[in-house]
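K.L.:
Submitted below is the structure of interest, expressed as structure tokens.
Every number here is computed from the coordinates shown, using simple stated rules; none is lab data. In this text the structure is predicted, and so the values were computed from the model without any measurement. When we count neighbours, we look across all protein chains shown, and the Cβ atoms used for this are built from the backbone with ideal geometry, even at glycine.
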Amino acid sequence: MFKHWIKLGALLGVLAALAGCSATQALNALVPGDTYRLTPDVAYGPQARQLMDVYQPKGEPPDGGFPVVVFFYGGTWHMGERAQYRFMGEALAAHGMVAMVADYRLYPQVTYPDFLPDCARAVGYALTESARYNGNPRRVVVMGHSAGAYNAAMIALDPRWLKQQGHQVSELAGWVGLAGPYDFIPIEDPETRETFHHPDVPPESQPIRHVGAKAPRTFLGVAKEDKQVNPERNSAQLAERLTAAGVPVEFKRYDHVGHISLVVSFAQPFRWLSPALREVSGFVKSLPPAPASAKPAQLAASGAP
């Protein structure tokens, strides 16, 4: 353990030495550039922030295509840019997944729930267009960290959002939440209060209220000592509810990381901090393809009830 902290101190020193860079710019500067193929600035909708960067694995895809992960970053719904998460795109692509790192609209441009249609639209793009990036449209997983994990949870658990985009939750192979808030009324954080209309926070805004037997297979990862989002109230409780509903769940608690360093542990220089990348990769690759099913528009055209 002591050696680990020596390594961390040395790496933080390297980051600090990269003058003029933000923390994520410095982190991304240490990420390999030869482990993926990048298609930047892919529009999944008409809004300025409805863009994603797509990271493809190198090499030949398996039959049917690579698994696809749509990733949403955190930032209390107030901040974040997809370019800051090149380390996540590289991590997933280098481990055999097509990674779609998506922007979405933030406060004050929007408040709850208007960022959720953005996220659903990004996932809908993956479901319909991932084959052009050697992805398998029946192996699409939605993933997020912190506020992004909330977004992923709502897309996976509340069918309203994908339905608005002409899709169904059953089209997802699974979902991944890292350090996410899933049950946070009453809201304490001032920025989150602004986003969710405090004191009139809609009860249906909480992912835990949307647990059901039809939820996709789930991976929940937390920092055991997370000081920002209570891992027991949020992830542990959600895992219990999903399991009781008959949904397969993998729930992992990680030592030696916090709320932020959990996602940082996906970056190549910091992967010794936690096995989260290896375990998320194993989960995604183990998922069976979602069943082939007709879209609502297809059903209507066929005259089916």
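K.L.:
Can you report the principal axis dimensions of the chain using only the alpha carbons, biggest first, rounded to whole angstrom?
P.N.:
So the three principal-axis extents are 65, 50, 38 Å.
K.L.:
Return a whole-number percent for the relative contact order of region 106-222, with Cα pairs under 8 Å and 6 or more residues apart as the contact set.
P.N.:
30 percent
K.L.:
To make sure I understand, if each residue's beta carbon is the centre and we count other beta carbons within 10 Å, what order do Asp63, Asp103, Asp34 fall in, fewest to most?
P.N.:
Asp63, Asp34, Asp103
K.L.:
Further question on the same structure: How long is the gain from Gln109 to Arg253 if the chain were fully straight, where each residue apart is worth 0.36 nm and the alpha carbon distance is subtracted?
P.N.:
Residue separation times 0.36 nm, minus the Cα-Cα distance, leaves 48.4 nm.
K.L.:
A follow-up question, please. With r as the distance between the Cβ atoms of Asp34 and Arg233 and R0 = 45 Å, compute the FRET efficiency 1/(1 + (r/R0)^6) and round to 0.05.
P.N.:
Plugging the Cβ-Cβ distance into 1/(1 + (r/R0)^6) gives 0.60.
K.L.:
Contact order normalised by length for the chain, with contacts defined as Cα pairs under 8 Å and 6 or more residues apart; what percent is it?
P.N.:
It comes to 16 percent, rounded to a whole number.
K.L.:
Follow-up question, since we're still on this one. Pairs Lys224/Lys285; Lys163/Lys214; Lys163/Lys285; Lys252/Lys285: which exceed 21 Å Cα-Cα?
P.N.:
Lys224/Lys285; Lys163/Lys285
K.L.:
Specify the residue with the greatest mean-square fluctuation among Val257, Val229, Val110, computed from a Gaussian network of the chain linking alpha-carbon atoms under 10 Å apart.
P.N.:
Val110
K.L.:
What do the square roots of 5 times the Cα gyration tensor eigenvalues come to for region 156-265, in whole Å, largest first, as semi-axes of the equivalent ellipsoid?
P.N.:
One finds semi-axes of 22, 20, 12 Å for region 156-265.
K.L.:
Provide Rg and Dmax in Å for region 114-195, with only Cα atoms included in the calculation.
P.N.:
When restricted to Cα atoms, region 114-195 yields Rg and Dmax of 13.5, 44 Å.
K.L.:
So, one more: Which percent, nearest 5, of DSSP beta bridges in the chain are antiparallel?
P.N.:
Restricted to the chain, the bridges split so that about 30 percent are antiparallel.
K.L.:
Quick check on the exposure proxy: order Glu240, Glu171 from fewest to most C-beta atoms within 10 angstrom.
P.N.:
Lowest to highest Cβ neighbour count: Glu240, Glu171.
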